[in-house]
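Before any comments, here is the structure.
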Amino acid sequence: MAKRIDVSGLNAYYGSFLAIEDISMTVEPRSVTAFIGPSGCGKSTFLRTLNRMHEVTPGGRVEGKVMLDEENLYGAGIDPVAVRREVGMVFQRPNPFPTMSVYDNVAAGLRLNGKHKKSELDDVVEKSLKGANLWNEVKDRLNKPGSGLSGGQQQRLCIARAIAVEPNVLLMDEPCSALDPISTLAIEDLIGELKEQFTIVIVTHNMQQAARVSDRTAFFNLAAVGQPGKLIELDDTERIFSNPSVQATEDYISGRFG
Amino acid sequence: MSHATLLPKPSSLRGATLPKWFSSAVAAGSVALGLGISSAAGLHSDIQWGLIAAVLFVVLSYGISAKVEGSRQAKDRTATSLVWVAFLLAVVPLASLIWETVERGVKVLDVYFLTHSMGVVADTEPGGGIYHAILGTLEQVGLAALISVPVGVLTAIYLVEYGRGRLAKAVTFFVDVMTGIPSIVAGLFILSLWVLILKMGPSGFAGSMALSILMIPIVVRSTEEMLKLVPNELREASLALGVPKWRTILKVVLPTSVGGITTGVMLAVARITGETAPVLLLVWVTNYINTNPFKDPQASLPMYIYLQYMNSAGSGAAYDRAWAAALTLIAFIMILNLVAQGIARWKAPKTGR
Ligand SMILES: Nc1ncnc2c1ncn2[C@@H]1O[C@H](COP(=O)(O)OP(=O)(O)OP(=O)(O)O)[C@@H](O)[C@H]1O
Ligand SMILES: [Mg+2]
């Protein structure tokens, strides 16, 4: 199920503004890759190019190649809608659908794609909520509005919603930044379990979190405000945090800038 | 040491405050003063003493409060009292309008009145009713809504979800222009198109077309605002699940905003229900029941009110009928508003457990 992502020579623009330049990297399947770097260096932008969400932004444009196993996501005739079914996404702020119940939120991806068999949906909803470590907390209130959950529960609901459509890759943009330490821990544990099945990419500003959950870490940086962000280095997390090969990475991690 | 704890120090956080009843007392005082001044000066109009009292109220609250509480609180009180005065200025005419209409309208308003036409009753005689007018108004407004709601909602969806560049700008411009069209001009437009060029006779449908010219821009505007309120995050959440854009709009964006859209539509309906000019030009009027909105003149509430009032010379019966019809019209619009609110509340995104 999990797939390898292979990016080469990727540029992303907002209108005429080049936000990230010439990024090449490989993300291994069944592993967690963390993106770190100062604010505005293009981590979110890069993440969104991996499931073709970047072009949803007005003026958003991408050059280069993103291979998902054998397929170039930006090749001719590729349907972005189909890409997004393979590459799921969890956003920084929990965003459950406010008109839907907990159950409907999790089933949304399947339903909106035309699957309606009740027994099938029941199974998927239960499986996904269990996968997101939320089942025990919500099993008695599946028909209550999803927006009535706590922030941490909502975020796990969004994770359940994302894994319900069984993607190959799961992208997470600062999934814990709005959460308390306990919910954060719950989600970090969850990420550890999910990597058995999915390829996971996570953006985080929390170094300890990157060190705790990820197998590999990518450090992004930008030369100056208004300049495009670049990938500085990508290596095993242990190496990045103990003995990085680029000075800028060490400076950033030890808190000397950024 | 002990001295300091016994005597409370003057706190910098606490200042002199006027009691809670201060504002009501000043209001009562200003009304009394206003009445006194105007009777002393020999003024008889309610408006004159009302305005005097309003000015007194604002000035007195400011003056007294500035003396006692200081200038910041005084400004706060001035703003508050201005808001109250403005509120009363807006509400008093409305309340008196409703009062007048109810008082004069209830005389002949009964089931018989609502279920009979004017077919066999001369305008000067008592009896008769507004069944034909209610029927006509419902059909004309219903048809207008049937035309305007799909056109308006789809236009708004285009503008908010898809519209980029020149076409969207042009559409926005034309919607703005349409918002400003006087109803008589909308009527004349359909008149020249439908009656003069296509040689069709007057009918409820012709009126509906003119009414929908008035209704479409209102629906577009209100729907646009409601769609813009839907957070982008919800659209992105849905798109990121691999849901096509049109399905995202249909299943996520519209359900989230349907309460507000319905309210907008109801208010637009309420707005065109009272339109008289296009109806006068295109639907004409009749004293008989005409259930077919596509052929021959139809009655309508606004025209009925106007004609009964015009023909009431020397006849209390027609006069009473005009007011009763006006009351029916107001009641209809109020019910629409209440229904709109109910729907908005029922469909609002749910929170809570
Ligand atoms: N919608 C947009 N339109 C124009 N420019 C944008 C847009 N979103 C982001 N940018 C610009 O692109 C650059 C990269 O932004 P991005 O959001 O990817 O940074 P980030 O690394 O995720 O930052 P943070 O850590 O603060 O989330 C920034 O210079 C930003 O100003
Ligand atoms: Mg970001």
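The values are calculated or read from the model by the stated rules, or taken from the named source; none is laboratory data. Since this is a predicted model, take the numbers as computed values, not measurements. Every residue, glycine as well, gets a Cβ built from its backbone with ideal geometry; the counts of neighbours run over all protein chains shown.
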Problem - Members of region A:1-30 that are part of a loop (DSSP other than H, G, I, E, B) and either hydroxyl-bearing (Ser, Thr, Tyr) or under 14 Å from A:GLY42 (Cβ atoms) (or both) - result: A:SER16
Completion exercise
A careful count of residues in region B:100-124 that are loosely packed, with under 13 Cβ neighbours inside 10 Å and either of a type in the set (A, V, I, L, M) or more than 15 Å from B:ALA324 (Cβ to Cβ) (or both) gives 2
Exercise for the section: State yes or no: is A:SER39 closer than 22 Å to A:LEU234 by Cα and touching a strand residue (DSSP E or B) at 6+ places or on another chain (Cβ under 7 Å)? Expected result: no
Practice task
At least 3 residues that are under 30 Å from A:VAL87 (Cα atoms) in each: list the helices (runs of 4 or more DSSP H) lying fully within region B:240-353 that qualify.
Solution key: B:245-248, B:254-273
Practice task
Determine whether A:THR249 is at pLDDT 90 or above, in contact with an Asp or Glu (Cβ under 8 Å, 6 or more places away or on another chain) and part of a helix (DSSP H, G or I).
Solution key: yes
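So that you can scan it fast, the table gives a plain yes or no per residue for (1) of a type in the set (Gly, Ala, Ser); (2) in contact (Cβ under 8 Å) with a residue 60 or more places away in the chain; (3) within 14 Å of chain A (Cβ to nearest Cβ):
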{"site": "B:ARG164", "(1), (2), (3)": "no, no, yes"}
{"site": "B:GLY180", "(1), (2), (3)": "yes, no, no"}
{"site": "B:VAL185", "(1), (2), (3)": "no, no, no"}
{"site": "B:ILE190", "(1), (2), (3)": "no, yes, no"}
{"site": "B:TRP194", "(1), (2), (3)": "no, yes, no"}
{"site": "B:ILE197", "(1), (2), (3)": "no, no, no"}
{"site": "B:ALA206", "(1), (2), (3)": "yes, yes, no"}
{"site": "B:LEU214", "(1), (2), (3)": "no, yes, no"}
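For (1) over 19 Å from the mean Cα position of the chain (by Cα); (2) more than 7 Å from chain B (Cβ to nearest Cβ), each residue gets a yes or a no:
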| site | (1), (2) |
| --- | --- |
| A:ASN51 | no, no |
| A:ARG61 | yes, yes |
| A:LEU68 | no, yes |
| A:GLU71 | yes, yes |
| A:GLY77 | yes, yes |
| A:GLN92 | no, yes |
| A:PRO96 | no, yes |
Fill in the blank from the handout: Out of (1) within 16 Å of ligand 2 (Cβ to nearest atom); (2) within 14 Å of another protein chain (Cβ to nearest Cβ); (3) under 18 Å from A:THR26 (Cβ atoms), the one A:ALA178 does not meet is (3)
Completion exercise
Out of (1) within 21 Å of B:ASN337 (Cβ to Cβ); (2) within 10 Å of another protein chain (Cβ to nearest Cβ), the one B:MET266 does not meet is (2)
Problem - Residue check, B:PHE173 of a type in the set (Phe, Trp, Tyr), more than 14 Å from chain A (Cβ to nearest Cβ) and touching a helix residue (DSSP H, G or I) at 6+ places or on another chain (Cβ under 7 Å) - result: no
Handout entry: Scope region A:146-195; condition surrounded by 21 or more Cβ atoms within 10 Å (Cβ to Cβ), within 16 Å of ligand 1 (Cβ to nearest atom) and not in a loop (DSSP other than H, G, I, E, B); matching residues
Key = A:LEU171, A:MET172
Fill in the blank from the handout: Within region A:195-217, the residues that are within 14 Å of the chain's Cα centre (by Cα) and either among the aromatic types (Phe, Trp, Tyr) or within 14 Å of ligand 2 (Cβ to nearest atom) (or both) are A:PHE198, A:VAL201, A:ILE202, A:VAL203, A:THR204, A:HIS205
Exercise for the section: Kindly list the number of the only condition in (1) buried (at least 22 other Cβ atoms within 10 Å of the Cβ); (2) more than 16 Å from ligand 2 (Cβ to nearest atom) that fails for A:LYS139. Expected result: (1)
Practice task
Kindly indicate the residue of region A:38-52 that is within 11 Å of ligand 2 (Cβ to nearest atom) and within 18 Å of A:THR26 (Cβ to Cβ) and also surrounded by the fewest Cβ atoms within 10 Å (Cβ to Cβ) among those meeting that condition.
Solution key: A:LEU47
Practice task
All but one of (1) more than 27 Å from B:SER238 (Cβ to Cβ); (2) more than 8 Å from ligand 1 (Cβ to nearest atom); (3) not in a strand (DSSP E or B) hold for A:PRO38, so report the exception by its number.
Solution key: (2)
Problem - Selection count where residues are over 21 Å from the mean Cα position of the chain (by Cα), outside any helix (DSSP H, G or I) and either within 14 Å of chain B (Cβ to nearest Cβ) or under 19 Å from A:PRO167 (Cα atoms) (or both), scope region A:114-138 - result: 3
Fill in the blank from the handout: Quick count over region B:281-310, residues being under 14 Å from B:HIS116 (Cα atoms) and in contact with a Lys or Arg (Cβ under 9 Å, 6 or more places away or on another chain), is 1
Exercise for the section: State whether the residues of region B:298-319 include one that is within 19 Å of the chain's Cα centre (by Cα) and assigned by TED's automatic domain parsing to the domain that holds B:SER203. Expected result: yes
Exercise for the section: Please find, within region B:242-252, the residue that is surrounded by the fewest Cβ atoms within 10 Å (Cβ to Cβ) out of those that are under 17 Å from A:ASP104 (Cβ atoms) and either at pLDDT 95 or above or more than 7 Å from chain A (Cβ to nearest Cβ) (or both). Expected result: B:LEU250
Practice task
Give me a count of the residues in region A:76-98 that are out of contact with any strand residue (DSSP E or B) (no Cβ under 8 Å at 6 or more places or on another chain) and over 15 Å from B:LEU241 (Cα atoms).
Solution key: 3
